[in-house]
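Data block below; observations after.
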Amino acid sequence: MLSLQFKTITTMANKLVEMISAQAAKYGAREAFTYKDPETTYWKPTSWNKFAEHVEIMGYALQILGVKEGERIAVFSNNCPQILETNFGAFRNRAVPVPMYATSSQDQVNYIVKDAEINVIFVGNQSQYAIARRVLKSGKQLSQIVSYDENIVLHYDDDKTITYRQLLKMGYDASDEVKEEVNRRTAAGTEEDMACLIYTSGTTGEPKGVILTHANFDCQMETHAKVLPVDDTDRSLCFLPLSHIFECAWTYFCLTTGIRIAINYNPKEIQLSIRETRPTVMCSVPRFWEKVYAAVQDKVSKMPPLQRKLVQYAIKVGKEYNLDHKRNGIKPSRWLKWKFDMLDRYVLHTLRRAIGVERGRFFPTAGAPISDNICSFLHSCGINIVVGYGLSETTATVSFFPQEGFEIGSIGRVLPSLEVKIGPEDEILLKGPSVMKGYYNKPAENEKAFTADGFFRTGDIGKFTAAGSLVITDRLKDLFKTSNGKYIAPQALESVLGEDKFIEQVAIIGDQRKYVTAIIIPAFDALKEYAAKRKIVYKTVDDLVKNSEIYRMIEDRINRLQKNFASFEQVKKFTLLAHEFTMESGELTNTLKIRRSVINKLYKKEIEAMYV
């Protein structure tokens, strides 16, 4: 075993490169992260010392593999500790990790491999290996596959794949010359080096590679350390894909701050992982909280009347305490504080514990709109979700709720490191040290992406409130006009309808149409439960969504949910589908955003039928 001395490399300009060794020197044998062993299902901790050792060894191994300074290497895997070791090992070589979503198709992988000129790809499982191998066989660019899974079954004539363990062994056996070269590269790094090439999901057109430098990340780490109420006693659950800029930047921030990280392998086990790890902080997307809200509402509705009234009263008092007083910096009366303390201890704490967030302090959420109702409900329950806004192009965060004075319906206050203004068509424009350098190999796109005075065009429509909070109304590309000349912001309506426990996905339709319609994917388990209670006979899910009683039930719920929208904004007709929108069919991006053009094309027949 190597004997490693973890010292801060004071000559380094980019802090991510020196951070792991600096933290190892500070924390030593303390846990850096934990992960659930896929075979034993036990959570296994990894110390800072071991993490730093693997990063150093991976740095040597990548050099032996032939990775050059500035070279891009792809990471195509579900979340696992090896991704972090690979990324930070790449930083030591001034190489550039290119994350890919674990669910990416062969065409998507092939596009990124060609565009980013990738020679080496890391894969996480058998399916990803199969895709990478087909890409390797079909082109001239890709030349090496590294598998994180030691039990992967290789093709009988495969001489281009090694396992991660084999690669680490190469690093352990590195010569003095290799070590000197890696150390030279590490010391030669600058803050303008590319730290990450992250591809946008491409809701319209082809994906674009966002160039994020070490300076971009350094700025975000420093800024967040000054404004976030977290420290090294916190624990975060990493469950969004590390290929998502939100999780990537948040995880780097956690490492920088010394926050322990629990890495969730399987996205389908997120509810279980939360209950097992009990995070105090965790970044997420609104869909997660929408499901939590629907589950809580469903559970409360099934309680005995007295218990149900007690929970509803506790939430009412929680709203008065947390939103009407605490949020606004107003001291509550003794009576209100006593009521809240009692109800929080015996009712709301139990509710939070059932979710797994009873220790929670701070839960940033971004990536899509979240309804005001859900946001208020969660705060009333004592769950401090911090609504924010960011993009890949801004190294994640642009704005988020302050601890006091946040406005429900907004996306919070802008980070002090950024300059924001509202441009033509009410587009949000940004400038600052966390804004990307540009799109990789896309000079024409870069010209369109920035104004003449250097502001980045976000494509989001927004405004500032009188109190200084930023509000987003929709995406410029999503905004449409009915044939009556009325503008519709579909995301606002979609987020409200998404509150309902019977609605899993929704796409609002209406561009140049007489009225607004929707394609709706029901929550099938909830629908089946309803059908059983109502004794609705059906053989298939298709029978269920075509049932007139089911349609009327969902119609009533939609009308209640959209009552606060103007008449011209409301859904007049809708179609229920018997299958979900998926990434494989092209209806969703890898970040689960709707591709409206694809949905309009795939369901043209169903859409036309709603306008007869």
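The values are calculated or read from the model by the stated rules, or taken from the named source; none is laboratory data. Every value quoted in this text rests on a predicted model; they were computed, and no experiment measured them. In this analysis, Cβ positions are derived from the backbone assuming ideal geometry, glycine residues included, and neighbour counts consider all displayed protein chains. When the accessible area is computed, the model is the full protein with side chains, heavy atoms only, and any ligands, DNA or RNA have been set aside. Shrake-Rupley method; radii C 1.70, N 1.55, O 1.52, S 1.80 Å.
Tell me which residues come under 5 Å, amide H to amide H, from Ile73 once H is placed; ignore anything under 5 positions away on its chain.
Those qualifying (amide H under 5 Å, at least 5 residues apart or on another chain) are Val96, Val98.
How large is the Kirkwood hydrodynamic radius of the chain, in angstrom, based on all distinct alpha carbon pairs?
Values: mean 1/r = 0.0386 Å⁻¹.
This gives a value of 25.9 Å.
In a shell of Cβ-Cβ distance under 15 Å around Cys248, excluding Cys248 itself, what net charge do Lys and Arg (+1) and Asp and Glu (-1) give? Before the final figure, lay out each step's value.
Working: positive: none; negative: Glu85, Asp218, Glu247, Glu393.
Combined, the nearby Lys, Arg, Asp and Glu give -4.
How charged is the neighbourhood of Thr257? Take every other residue with its Cβ under 9 Å from the Cβ of Thr257, and add Lys/Arg as +1 and Asp/Glu as -1.
Details: positive: none; negative: Asp231, Asp232, Asp234.
Cβ neighbours under 9 Å give a net charge of -3.
Taking the radius of gyration and the Kirkwood hydrodynamic radius from Cα positions alone, what is the Rg/Rh ratio for segment 563-612, to two decimal places?
Reported Rg/Rh, Kirkwood definition of Rh: 1.03.
Towards the positive end of the charge dipole of segment 449-521, with charges on Cβ (+1 Lys, Arg; -1 Asp, Glu), say which of Ser495, Phe480, Val506 has the farthest Cα.
Selected residue: Phe480.
Across segment 334-339, in residue order, what do the Karplus-derived ³J(HN,Hα) couplings come to in whole Hz, using 6.51 cos²θ - 1.76 cosθ + 1.60 with θ = phi - 60° and x for Gly and Pro?
Calculated HN-Hα couplings, in order: 4, 5, 5, 4, 5, 4 Hz.
In a solvent-free Debye calculation with one equal scatterer on each Cα, what is log10 I(q)/I(0) for segment 100-230 at q = 0.10, 0.16, 0.20, 0.22 Å⁻¹, listed in the order of the q values?
-0.47, -1.05, -1.21, -1.24
If a paramagnetic tag sat 7 Å from the Cα of Ala467 along the Cα-Cβ line, which residues of segment 283-321 would have the backbone N under 15 Å from that point?
Hits in segment 283-321 for Ala467 at 15 Å: 320-321.
Considering the options His155, Val123, Ser105, tell which one lies farthest towards the positive end of the dipole of segment 96-180, charges being +1 on Lys and Arg and -1 on Asp and Glu at the Cβ, about the Cα centre.
Value: Ser105.
Could you list which residues have their amide H under 5 Å from that of Val123, counting only those 5 or more apart in sequence or on another chain, with H placed in the peptide plane?
Sorted by chain and number, the residues that satisfy this are Phe76, Val146, Ser147, Tyr148.
For the chain, what does the relative contact order come out to in percent, with C-alpha contacts under 8 Å and a separation of six or more? It would help to have the intermediate numbers written out before the result.
Values: 1126 pairs, mean separation 63.5, N = 612.
Value for the chain: 10 percent.
Which value, in Å² and to the nearest 10, is the accessible area of Asp511 when all protein chains are kept and the probe is 1.4 Å?
Asp511 exposes around 90 Å² with every protein chain in place.
Relative to the present Cα-Cα distance, how much length would full extension add between Asn600 and Ala578 at 0.36 nm per residue of separation? Present the calculation step by step, with values, prior to reporting the outcome.
Details: separation 22, 0.36 × 22 = 7.92 nm, distance 1.69 nm.
Here the answer is 6.2 nm.
Please give the FRET efficiency for Asp525 paired with Thr190, using the beta carbon to beta carbon distance and R0 = 35 Å, rounded to the nearest 0.05.
Efficiency at R0 = 35 Å is approximately 0.10.
Taking the 0 to 90 degree range and rounding to the nearest ten, how far is the long axis of helix 214-227 tilted relative to the main principal axis of the chain, both from C-alpha atoms?
50
Calculate, for Ile408 and Glu222, the FRET efficiency according to 1/(1 + (r/R0)^6) with r their C-beta to C-beta distance and R0 41 Å; round to the nearest 0.05.
The formula returns an efficiency of 0.90 here.
Using only alpha-carbon positions, what ratio does the radius of gyration of segment 461-612 give when scaled by 2.2 N^0.38 Å? Let's see the in-between values first.
Details: Rg = 16.3 Å, N = 152, 2.2 N^0.38 = 14.8 Å.
Against the compact-globule rule of thumb, the ratio is 1.10.
Using a 1.4 angstrom probe on the protein heavy atoms only, line up Met342, Met221 by accessible area, largest first.
On the way: Met342 70, Met221 15 Å².
From most exposed to least exposed: Met342, Met221.
Taking the Cα of Ser143, stepping 7 Å toward and past its beta carbon, and measuring to each backbone N in segment 96-130: which are under 18 Å?
Only 96, 113-122 pass the distance filter.
Would you mind pulling out the separation of the Cα centroids of segment 166-220 and segment 357-374, in Å?
Taking the Cα centre of each part, segment 166-220 and segment 357-374 sit 31 Å apart.
Whose amide H sits under 5 Å from the amide H of Arg235, counting only residues 5 or more places off or on another chain, with H placed in the peptide plane?
Distant-sequence amide H within range of Arg235: Thr280, Val281.
Quick check: with the 1.4 Å probe, what order do Ile385, Ile315, Ile330 take by accessible area, largest first? Present the calculation step by step, with values, prior to reporting the outcome.
Details: Ile385 0, Ile315 30, Ile330 90 Å².
Ranked from most to least accessible, the order is Ile330, Ile315, Ile385.
Normalised by the number of residues in segment 400-535, what is the relative contact order in percent for Cα pairs under 8 Å and 6+ residues apart? It would help to have the intermediate numbers written out before the result.
Numbers: 208 pairs, mean separation 21.2, N = 136.
So the answer I get is 16 percent.
With every protein chain in place, what's the accessible area of Lys431 (1.4 Å probe, Å², nearest 10)?
70
With labels modelled as points extended 7 Å from the Cα through the Cβ direction, what inter-label distance (nm, one decimal) is found for Lys291 paired with Tyr156?
The modelled label-to-label distance comes out at 4.1 nm.
May I ask you to evaluate 6.51 cos²θ - 1.76 cosθ + 1.60, the Karplus curve with θ = phi - 60°, for each residue of segment 19-34 and list the ³J(HN,Hα) values in order in whole Hz, giving x for glycine and proline?
Couplings: 4, 5, 5, 5, 5, 5, 5, 7, 9, x, 7, 5, 5, 8, 8, 10 Hz.
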